[in-house]
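Report on the following structure.
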Amino acid sequence: MATELNLDATDARVHGAYFEPVDVPDGEDPGYDYFQPTGATVSVWSKDIQHGGPPTGLLVRAMEQAADPADGQEFSRVTMEILGAVGLGLNRVRTSIPRPGRQISQVAAELDVKQPDGSWRTVARTVAWRLKRADSSPIARLPHEPLPTRPADLPTMIGFPDLEGAAVPWGRVGFIGTVEIAGQPGRNGETPAVWLRPLLPLVAGEETSPLASAFTVIDVANGLGATLNPLEWSWMNTDTTVHLVSQPVSEWIGIDSSMAAGGDGYGASFADLYDETGFLGRSAQTVLLSKVDAG
């Protein structure tokens, strides 16, 4: 069966948010929070599934709420694993603290999607390390200077209709059409470094935290670093791992990404991450490389 990009050009910003909160449905487990994804979450690969960004943001939001805000710890590493297609049916999220601690703790979250038969399937999970904040400024050293040009000094656009240097004109489909971008020459590989910010709140009626907002767009690194033709190859990621050296504070996140494509059907996307104050950390994503069936 041929694989086709989802080219529905409907402006997804009309939805107003990526998720609508839902009261616990009758007969369902009250230990979860329930959400209805909107059309603003839709993937570029299929109109029937979510892009990886909004579910990642939703799980990070849940982990932030589960963590103790008074413990002095900050998120240092977050891994999001995609266990299956993240559908557009009713979503539910729950959290746990696998490893409490005064200096180091671990928090986790999982996301289920309601299936047509009424059952629930776990389709994504996250786990994060949180470390005690302390003053290490005397030894601070970062691998890169801030991106040379801030987004306010660059032309911006909605989505990826035609970004100079980008290999794939992703357009303005679903989630991609709710993201404002600004590009400049990259330092990794052939593709540009891109500033991104989501234009919608993660959950309707809430202000999105800088951390959850950042993780809503970091999944895009897999598309930004690729030079493949999506009509010939697909490269869907199975995970996203981010190591942070500081917490994001600006609404814009800079991604300078490059994809390494191996010869045996898999690869990886690696990206340097920035906010407007400078270098934030790095992301890595496992990528399944598949030849598109033109039949």
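The values are calculated or read from the model by the stated rules, or taken from the named source; none is laboratory data. Computed from a predicted model, the values in this text were never measured in an experiment. So basically every Cβ, Gly included, is an ideal-geometry build from the backbone, and we count neighbours across all protein chains shown. The protein model used for the area step is the full one, side chains on, heavy atoms only, and it has no ligands, DNA or RNA in it. Shrake-Rupley method; radii C 1.70, N 1.55, O 1.52, S 1.80 Å.
Of note:
- Check on PRO69, closer than 27 Å to ALA221 by Cβ and open to solvent by 40 Å² or more (accessible area, probe 1.4 Å): no
- When region 125-159 is filtered for residues that are touching a strand residue (DSSP E or B) at 6+ places or on another chain (Cβ under 7 Å), open to solvent by 70 Å² or more (accessible area, probe 1.4 Å) and in contact (Cβ under 8 Å) with a residue 60 or more places away in the chain, the ones remaining, listed by number, are ARG125, LYS132, ARG133, LEU142.
- Taken over region 215-238, the criterion of being part of a strand (DSSP E or B), out of contact with any Leu (no Cβ under 7 Å at 6 or more places or on another chain) and buried (at least 19 other Cβ atoms within 10 Å of the Cβ) is satisfied by ASN237 alone.
- All positions within region 189-210 that are outside any loop (DSSP other than H, G, I, E, B), open to solvent by less than 10 Å² (accessible area, probe 1.4 Å) and closer than 26 Å to ASP23 by Cα: VAL203
- Some residue of region 37-58 being open to solvent by 70 Å² or more (accessible area, probe 1.4 Å) and closer than 16 Å to TRP129 by Cα: no
- Among the residues of region 253-271, some residue qualifies, meaning at least one is out of contact with any helix residue (DSSP H, G or I) (no Cβ under 7 Å at 6 or more places or on another chain), surrounded by fewer than 20 Cβ atoms within 10 Å (Cβ to Cβ) and either under 24 Å from SER213 (Cβ atoms) or of a type in the set (Lys, Arg) (or both).
- Answer from VAL78, VAL93, VAL44, VAL24 - the residue that is assigned to a loop (DSSP other than H, G, I, E, B) and either at pLDDT 95 or above or of a type in the set (Ser, Thr, Tyr) (or both): VAL24
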